[in-house]
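Let me begin by presenting the structure, written as C-alpha cells, before commenting on it.
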Amino acid sequence: MKKLLTILPLLILLSLFCSCSKFKAKNVTKPTVTLNLALRAGTYADVVKKFVPEFERLYNVRCTVVELSEEDLRRNVVKDAASEVGAYDFCMVDSSWMAEYTSKGILAELTQYGYSLDEDIIPATKSVCYYKDGLYLAPFYGNVTVLLYNKILVEEAGSSTEEMKSIEDLLEVCRFSKKRRNFGFMYRGDTENNIVVDFLPILLSCGGWVVDKDNNPTVDTPEFKQAMEIYLELIETGRAAAKEDVIAAIGNKSGTMCIGWPGWYTPTRNSSMDYVALTGRLTKDGVRHNSNIYGVWGIGVPANSGHKEYGEKLLEFLMDANNQKKSISKGGVPCRYSCLRDDPEILKQYPEYKVVCDALESGVYRPVMVRWNEFYSILGRRMRMIFDGEVSVEEGLKVAQTELDRRNLD
C-alpha cells in the first residue's frame, strides 16, 4: 500500500505532463503508413532527419528520407507530379521554384488541413509562401546573403563593421587592400547563377532589380548600368573563384570580402572572419533598400501525396516554435524572431544569429518565374562577357535585355 501511495503522485504528474504536450504519441502498434521525404541534401536534410525519430514515435509512422541535389530535387518532384498518386509525401522547395510549382498544381494548399503561418515568423520570409490567397509553403531554413569579410584586413584599412554602412565604404576598403597587394572583393565566377546572385545585392543597393512587378526584364536601365559599373570597380580589386577558394582566401587574409551565406562559415570570437548584413545603401546618406537575397528553403506537401494529412503533420511538427529552437543546435536557421533575436540564451551561444535576423528582415526573394533558370543563364552569360572586357556595359546589357524580351520567360 505504501508503495502504491508513493507511485500514485508520480503517475498523476506524468499524466498531466502528457496531457499538456502539443504533440501526443499514438498507441504503439506496427506502423502502417510510410512517408517519403524528398529533401535537399546537406545541412538542410540533416536538420529534418534529427526530428524524424521523434515524429515517427508520435504518429506511429515510418519515414524514408530521399536526399537530392538542388536540381535533382526540383526535377524529381516536378516529374512525379504527373502521377495520380505521387512517390513523395513531403518535400523541400527553393523559393525560385514557386511559380513553376503553383502553375502546375504541384503543392497542396495547407490551410485546408488547419495550418497557418504564425506572427513569430519574420514577415518578409512569408511572401513567397502564398499563391492566390492560398498557403502552399512554410519557410523552414533561413538562408540569406551576407557580407563575409576578414576582420584584420578591414581594420588595417581603417574601417570596422560599424563603419561599413554603404557600398562606397566597401569599395574604399577593397581598394586599400589591393594597394597592400591583397585581393579586395572576391566573387564566384564559376556558374552563371553564381555570377548573377553575387551581383544582386549591389543591384538592389542601387535601387534596381532584374524584373518589374509584372516580371518583365529591367536589365537595360540606368539603375542596372550604375550597379554594373560599381560592381566592375569592386571586382577589379579582387578576382573570381569557386566558393571553397573564396572562403579560403578570406580566411587566410589573401582576400578581403565577398557576398556569402551564413552556412559557409560560423564566426567565433577569435576567428579572423565574420559576416554582417548589407545595409542596402549605395552611399552613407543614400536611400536604404532591401538588398539581401533570400535562399530560404521552404517545406510543403505534394498535392498528389497519398498521405497528405501526415505530410501536413510533419510540416507542423518541424515548424513548431519549440522544435525550431531545438533545431539550432542541430544546424538549423529558423525564420523566427524567437530563435534569432528574442532569446538571450541562444544569442549568447550564437551571436551571429542577430546578423542573420537583420538580413532576413531586409531580404528579397529572387523573381518568382517559371523559367528563372533560363533568365539567369542568359543574364549571367552576358555579365561574364562584360567582366572579361569582350563588350561594354551598355552593349552587354542591351543585348541581354533584347534576348530576355525575345524569350518571354515568365
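Out of all the residues in segment 94-123, which are under 19 Å from Arg40 (Cβ atoms), at pLDDT 95 or above and part of a strand (DSSP E or B)? Residue satisfying the conditions is Leu107 alone. Looking only at residues of segment 45-80 that are of a type in the set (Ser, Thr, Tyr) and either open to solvent by 40 Å² or more (accessible area, probe 1.4 Å) or outside any helix (DSSP H, G or I) (or both), we find that the one that is nearest to Val301 (Cα to Cα) is Thr64.
If only residues of segment 114-160 that are under 23 Å from Tyr353 (Cα atoms) and of a type in the set (Gly, Ala, Ser) are counted, the one that is surrounded by the fewest Cβ atoms within 10 Å (Cβ to Cβ) is Ser160. Taking segment 339-358 as the search range and keeping residues that are closer than 16 Å to Asp120 by Cα and under 18 Å from the mean Cα position of the chain (by Cα), which one is surrounded by the fewest Cβ atoms within 10 Å (Cβ to Cβ)? Among residues in segment 339-358 that are closer than 16 Å to Asp120 by Cα and under 18 Å from the mean Cα position of the chain (by Cα), the one surrounded by the fewest Cβ atoms within 10 Å (Cβ to Cβ) is Lys354.
For segment 230-252, the criterion of a residue being among the polar types (S, T, N, Q) and at pLDDT below 95 is satisfied by at least one position. Restricting to segment 310-338, and then to whatever is out of contact with any strand residue (DSSP E or B) (no Cβ under 7 Å at 6 or more places or on another chain) and of a type in the set (Ser, Thr, Tyr), can you tell me which residue is most open to solvent (accessible area, probe 1.4 Å)? Residue satisfying both the conditions and the ranking: Ser329. Can you tell me how many residues in segment 164-175 are modelled with pLDDT under 95 and either open to solvent by less than 30 Å² (accessible area, probe 1.4 Å) or small (Gly, Ala, Ser) (or both)? So the count comes out to 1. If you check Arg175 against the conditions, is it of a type in the set (D, E, K, R) and within 29 Å of Ile378 (Cα to Cα)? Considered against the rule, which asks whether it is of a type in the set (D, E, K, R) and within 29 Å of Ile378 (Cα to Cα), Arg175 comes out as no. Kindly check whether there is at least one residue in segment 163-178 that is part of a helix (DSSP H, G or I) and of a type in the set (S, T, N, Q). The answer is yes, given that some residue of segment 163-178 is part of a helix (DSSP H, G or I) and of a type in the set (S, T, N, Q).
Looking only at residues of segment 382-404 that are touching a residue at least 12 places away in the same chain (Cβ under 8 Å) and over 21 Å from Trp372 (Cβ atoms), we find that the one that is surrounded by the most Cβ atoms within 10 Å (Cβ to Cβ) is Phe387.
Within segment 199-226, residues that are under 17 Å from Lys398 (Cα atoms) sit with their Cβ atoms under 9 Å from residues that are in a helix (DSSP H, G or I) and hydroxyl-bearing (Ser, Thr, Tyr), at 6+ positions apart or across chains, in these pairs: Leu203/Tyr231; Val210/Tyr376; Asp220/Thr402. Within segment 244-272, being open to solvent by 10 Å² or more (accessible area, probe 1.4 Å) and touching a helix residue (DSSP H, G or I) at 6+ places or on another chain (Cβ under 7 Å) holds for Ile247, Lys253, Pro262, Gly263, Trp264, Tyr265, Ser272. Annotation: Cys91 fulfils all but one of (1) outside any helix (DSSP H, G or I); (2) surrounded by fewer than 18 Cβ atoms within 10 Å (Cβ to Cβ); the unmet one is (2). Given Glu395, Glu374, which one is outside any loop (DSSP other than H, G, I, E, B) and at pLDDT below 95? It is Glu374. What are the pairs with Cβ atoms under 6 angstrom where one residue, in segment 142-156, is over 10 Å from Gly363 (Cα atoms) and assigned to a helix (DSSP H, G or I) and the other, located anywhere, is open to solvent by 10 Å² or more (accessible area, probe 1.4 Å) and among the acidic types (Asp, Glu)? Sequence gap at least six, or different chains. Listed by first residue and then by second, the contacts come to Lys151/Asp274. Residues being part of a helix (DSSP H, G or I), touching a Leu at 6+ places or on another chain (Cβ under 7 Å) and modelled with pLDDT under 95 are entirely absent from segment 324-338. Filtered by the rule that a residue be more than 18 Å from Gly260 (Cα to Cα), surrounded by fewer than 18 Cβ atoms within 10 Å (Cβ to Cβ) and in contact (Cβ under 8 Å) with a residue 24 or more places away in the chain, segment 176-192 gives Lys178, Arg180. Taking every residue in segment 42-64 that is among the small types (Gly, Ala, Ser) and pairing it with any residue that is open to solvent by 30 Å² or more (accessible area, probe 1.4 Å), at least 6 positions away or on another chain, the pairs with Cβ-Cβ distances below 7 Å are Ala45/Val65; Ala45/Glu67.
The values are calculated or read from the model by the stated rules, or taken from the named source; none is laboratory data. These numbers were taken from a predicted model, which means no experiment stands behind them. Quick reminder, even Gly has a Cβ in these numbers, built from the backbone with ideal geometry, and neighbours come from all protein chains shown. Surface accessibility is based on the protein's heavy atoms, side chains included, excluding ligands, DNA and RNA. Shrake-Rupley method; radii C 1.70, N 1.55, O 1.52, S 1.80 Å.
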